[in-house]
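The values are calculated or read from the model by the stated rules, or taken from the named source; none is laboratory data. On a predicted model such as this, the values are computed, not experimentally measured, just so you know. Because the Cβ atoms are built from the backbone with ideal geometry, glycine has one as well, and the counts that use them run over all protein chains shown.
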């Protein structure tokens, strides 16, 4: 079967080729032009590893959020038609390693926000959510009901996690050191962790926006406009952030390459996010934490 037969003109039908998660309604587009013709949304693809060159009609009624990657343009009519149907639009880095826009919540997305606000406003419920987050991260119960005690327990376990994962990848680890005023002064492993954490936070930004949760209302992090995003990103620190960072450091140590560490981690992050379906996993975890049932209406 040739490419022209495989692509029947509607994005999302050839899942082996199109990175389209119909369960969450996310549509990833890159290198092409998104426009409206005769009242229908179209994408003119220049061609990439994810989609062959050509023009495709997009079933926006089944999409909750369109994620525009590098090399894409969008017309004013697209914004108008998406606003009418409550479909979100965001500009992102390749694979979700950057998040450049903060789209409005859109129609029919207040249910998650209300659930989030209720849990955050109730002190007992807030602690329970925080304990569940720590349980997810460390695969064990955190019995304390004092957030400061929980943070202390977290700190001790994270220090050990750094050592274990660095050892797995054969990377010398001298401890977590980060000077915000001079981040480039840190050693290679610490720089790598900083870059990897930034990319995982971008993925969490996308997931939080996709479900309509409230970024400032964190259960562990506080006093930040994206506290909840940081909460979600931390759930993947041991599974994604640290292995990603140390694996690239190990590659650099073996090859002696002097190209940009940030660029190498960014490219690897895009591959890891796709391989591990990171953003869909984050969406599932957010809904689970906030007790949102997909089977009911999202209004």
Test each condition in (1) under 20 Å from the mean Cα position of the chain (by Cα); (2) at pLDDT 90 or above; (3) surrounded by fewer than 13 Cβ atoms within 10 Å (Cβ to Cβ) for residue 76 and report the one that comes out false. (1)
Those residues that are under 14 Å from residue 201 (Cα atoms) and at pLDDT below 95, I need them from the range 216-233; list them, please. 221, 224, 225, 226
